[in-house]
Every structure is written in structure tokens, then in C-alpha cells.
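Report on one structure; see the data block that follows.
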Amino acid sequence: MREAILTQENCFDAIKKSGKPIVLFGMGNGADMIIDVFEKYSIKWDGVFASDKFVRGHCFRSKKVLTLSQAEETFGDFVAVMTFAVHDDETIEFVKRISEKHQFFSPTVPVAGDGLFTREFAQENVGKIEQVYSLLADEKSKKAFENVIKFKISGNVEYLFDVYSPQQEIFDNVLKLSDSETILDLGAYDGDTLKMFLENTGGKYKKIVAIEPDEKNFRKLAKATENMENVELINKGVWSESTVLHFQKTAGRQSKISSSGAQQIEAVSVDSLGEDFSFIKMDVEGSEKNALLGAEKTIKKCLPKLYVCAYHRNEDIFELPLLINSFDDKYKLYFRQHKYIPAWESNFYAVAK
């Protein structure tokens, strides 16, 4: 792992020294975040393009949004910098076609927290990264983990294409959910992952507890589960203890606990729920470490199967698995990168040996 880290060039350094026109692929909030980093690196960008169906005469930062063919006519050989997240097959195939013709980067800007996942950041934490690598239970996990680290530093999407894994594979070969699970879904959103869990249990379970702090998402969750039995819904956040936290509401699934959030919400710890869970999923937009800390007693007592997202904060990819291992070294740790650009849906899965 140490050599893999040292051989990667930082994404924004490579963009800056390319000597080619720099054209953003995509617009909106993601592009704003990338431009903020450009300013810190003194990188000048020259234009913006989108897939044909999204152009429609738009302008972004006073620049006309071009199609790919228009960008090629205007700039010739350029550097394409992707500014949004995507997981649908059509757009990913479009990305592959662009990356075959142009130097292509998909920079990692953390969903939560500060700073960039640079080579220097990885070097500072190389001991922890290598420790996680040594704990991983299979070669598929190790290759995916190494490639995701390389991608986060370099922005090279080829590293992701090489390790994509369908989520069903992890359910079939690792989690192997039974029809009598007591399920805890942290960050239940609108019930989308609950649907996936039930598809893997034949629709059967002992009990489900689903926690979702965002009011709009919670209403959708309630609608999706209204005809289900033994389901408890909790419209709160999750944390290391029961407390009151600031909450930042955004469109979609990325509402999160934030020190600058205008709204206050109640939060609970997993341990305070008093349930013997057999399966816990955590996708809580950067609060995973605190959620794990608040579940320590439950995890040590029950050794539930764990599904923990590890892409919201830079440090999640090594801090979260090490925390799980510190609770009980009986856990076998697996890592998978599911289809997404950038490396969202990087998840750790843990099952007791």
C-alpha cells in the first residue's frame, strides 16, 4: 500500500500542470466546490460541457454550457474535470468514452469534513491504511481498497472501473441475511435500502427499526412502510449519545448533522434503543463514527452483521474499520466499491467469524 500511495500524483497537481484547456464536465453545486479548490491551486478553467440532454441553452458562471462535440470543436484536446456524482449505466458509459479521448479527472471533494484526500494525507495515515488492508478478509476487498485509495488521490476513474462490484454479490456471499433478522437501518432515507434488504430475506424479518432525521424523507419512509408489520420508525438523528444536534437540510438524501445547520434535531444512540439487532446498516452522511461509538455496547453484545458507508469523510476509509475491529476482532471485514463516480458507495461489511 505504501508504494501504491507514493506513486500517485495528486489530482489537482496533475490538472494544473497539464498545459491543456481545462473544461468542467457538469455544473451546479459540485462544480462550485471544484472551482473553490481550483482557486486555492490557482487553476484557471476554460469552459463547461454536459451530456446533450442537459445542455438546453444553460449557462454556468457566465459560460455557455456546451455539448461534448462543441467542447471538442472549441478547445480541441482538453482536460475534462467531472464535477458531479453518477451511478447510472448510461452516464458511466459516456464517461468511459470521454476518458478514452481526453485526459479525464474526477476529483474527490468530501461530502462532510474538510480538506482533500491527497498523497500527503494518505502518507500521514499510511500506518492505519496498511493496518486496514491487512485486516481485509479477501483479495477482492484488498484490490478494491487499494484502487479506491489510488483513485481518491489521483482522480483516475480507471481505478474504479477495475473494481466495481454488484451489491447483490455481497448479500449473497457475505451478509447472507436470514428471514428472522432484527434490522436497524440508520439513514433510512425513503425506504430504498429496506426494500433491498427485504428482497434478500424473501420479505420476512423479525423486526425493523428505521431512523431518518429529515422530515421530508421520513414522510416518504412512512408511506413506503405503512403496510408492514413490526416496523418502528424514528424521526431523529443518530449519534454517540442521546442529545440535540444542529441539522443541515438539503435536497435528496444528503441532509446531515452539521455544526452550522440552522435546524436542531433530537438524536439517539443505538445503545439507547435497547434492542438486540442482528443487522445494522449505517449511511448517515458523515456521522458514521459517532453512530458506531453509540453502538459499541450493542455491537459487543450481539455481534450484528454490519454495513457501514465509508466515503463521506476523508478519514472514514481507515478510521471506521479500525473502530469496528477495536470493538471485537472476531469480525471479518470486507470492502466493496459499488458502481459510482466518484468513489461513493465505498462500503465496509463486517460479519462475525
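The values are calculated or read from the model by the stated rules, or taken from the named source; none is laboratory data. Every value quoted in this text rests on a predicted model; they were computed, and no experiment measured them. Heads up, the Cβs are rebuilt from the backbone with ideal geometry, glycines too, and the neighbour counts pull from every protein chain shown.
Below are the figures for this structure:
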| read-out | value |
| --- | --- |
| All positions within the range 193-223 that are more than 24 Å from the chain's Cα centre (by Cα) and surrounded by fewer than 20 Cβ atoms within 10 Å (Cβ to Cβ) | Thr201, Gly202, Gly203, Lys204, Lys206, Lys207, Ala222, Lys223 |
| Complete set of residues in the range 302-353 that are in contact with a helix residue (DSSP H, G or I) (Cβ under 7 Å, 6 or more places away or on another chain), over 18 Å from Ala122 (Cα atoms) and of a type in the set (S, T, N, Q) | Asn325, Gln337 |
| Enumeration of residues in the range 14-58 that are outside any loop (DSSP other than H, G, I, E, B) and of a type in the set (A, V, I, L, M) | Ala14, Ile15, Ile22, Val23, Leu24, Ala31, Met33, Ile34, Ile35, Val37, Val48, Val55 |
| Subset of the range 322-353 (residues that are buried (at least 17 other Cβ atoms within 10 Å of the Cβ), among the hydrophobic types (A, V, I, L, M, F, W, C) and either in the same structural domain as Asn125 (by TED's automatic domain parsing) or part of a strand (DSSP E or B) (or both)) | Leu333, Phe335, Ile341, Phe348, Ala350, Val351 |
| Failed criterion for Gly115 (all others in (1) in a loop (DSSP other than H, G, I, E, B); (2) surrounded by 14 or more Cβ atoms within 10 Å (Cβ to Cβ); (3) out of contact with any Pro (no Cβ under 8 Å at 6 or more places or on another chain) hold) | (2) |
| Considering residues of the range 232-264 that are of a type in the set (Gly, Ala, Ser) and touching a His at 6+ places or on another chain (Cβ under 9 Å) only, the residue modelled with the highest pLDDT | Ala262 |
| The listed residue being basic (Lys, Arg) and part of a strand (DSSP E or B), out of Lys64, Lys128 | Lys64 |
| Verdict on Val55 being modelled with pLDDT under 95, in the same structural domain as Ser99 (by TED's automatic domain parsing) and of a type in the set (A, V, I, L, M) | yes |
| Long-range neighbours under 7 Å by Cβ, at least six apart or interchain, first residue assigned by TED's automatic domain parsing to the domain that holds Gly202 within the range 171-182, second part of a helix (DSSP H, G or I) | Leu177/Phe171; Leu177/Phe197 |
| Single residue of the range 88-97 satisfying the filter (of a type outside the set (Asp, Glu) and surrounded by fewer than 20 Cβ atoms within 10 Å (Cβ to Cβ)) that is farthest from the chain's Cα centre (by Cα) | Arg97 |
| Residue that is surrounded by fewer than 20 Cβ atoms within 10 Å (Cβ to Cβ), within 18 Å of the chain's Cα centre (by Cα) and in contact (Cβ under 8 Å) with a residue 24 or more places away in the chain, where the choices are Tyr164, Tyr189 | Tyr164 |
| Test for Phe105: is it under 30 Å from Val126 (Cβ atoms), surrounded by 14 or more Cβ atoms within 10 Å (Cβ to Cβ) and not aliphatic (A, V, I, L, M) | yes |
| Out of Phe145, Phe105, Phe121, Phe151, sole residue that is aromatic (Phe, Trp, Tyr), under 12 Å from Asn314 (Cα atoms) and not assigned by TED's automatic domain parsing to the domain that holds Trp344 | Phe121 |
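So that you can scan it fast, the table gives a plain yes or no per residue for (1) surrounded by fewer than 20 Cβ atoms within 10 Å (Cβ to Cβ); (2) farther than 15 Å from Glu3 by Cα:
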residue	(1), (2)
Ser99	yes, yes
Val109	yes, yes
Glu120	yes, no
Lys128	yes, no
Glu139	yes, yes
Asn147	no, no
Gly155	no, yes
